[in-house]
Amino acid sequence: MLRIFNHYIPANALTQLVLDGTLVFLGILGAASFRHHASLGVLGRVAPSAVLFALVMVSFNGILGLYSGQPVRDLPHMLSRILLSLLVSIPIA
């Protein structure tokens, strides 16, 4: 448990949150790099939007309870949360 702003946050939940945000950010940069043949000017323009999208998705996934830090009790419940997250991320993107 890590203490951040007088709140205790499970370390595994914080690790998952950071990795999820990083993977979303790097995925967007990778897609932009692939699409525009690694042009640095394009990556510079895409990076702020990628950071914003990663922050929105990490926040939304946190609201859905994907970063609870507790083991998954039942698989269908967790899969429904993930599906809802994917369905919401498509219009946001």
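The values are calculated or read from the model by the stated rules, or taken from the named source; none is laboratory data. Quantities reported herein were computed from a predicted structural model and do not represent experimental measurements. Surface areas here come from the heavy atoms of the whole protein model, side chains and all, with no ligands, DNA or RNA. Shrake-Rupley method; radii C 1.70, N 1.55, O 1.52, S 1.80 Å.
Within region 1-43, being hydrophobic (A, V, I, L, M, F, W, C) and modelled with pLDDT under 85 holds for Met1, Leu2, Ile4, Phe5, Ile9, Ala11, Ala13, Leu14, Ala38, Leu40, Val42, Leu43.
Quick one: in region 1-56, of everything that is part of a helix (DSSP H, G or I) and among the hydroxyl-bearing types (Ser, Thr, Tyr), which residue is least open to solvent (accessible area, probe 1.4 Å)?
Ranking the candidates gives Ser33 first.
Restricting attention to region 63-77, the residues being part of a helix (DSSP H, G or I) and open to solvent by 40 Å² or more (accessible area, probe 1.4 Å) number 4.
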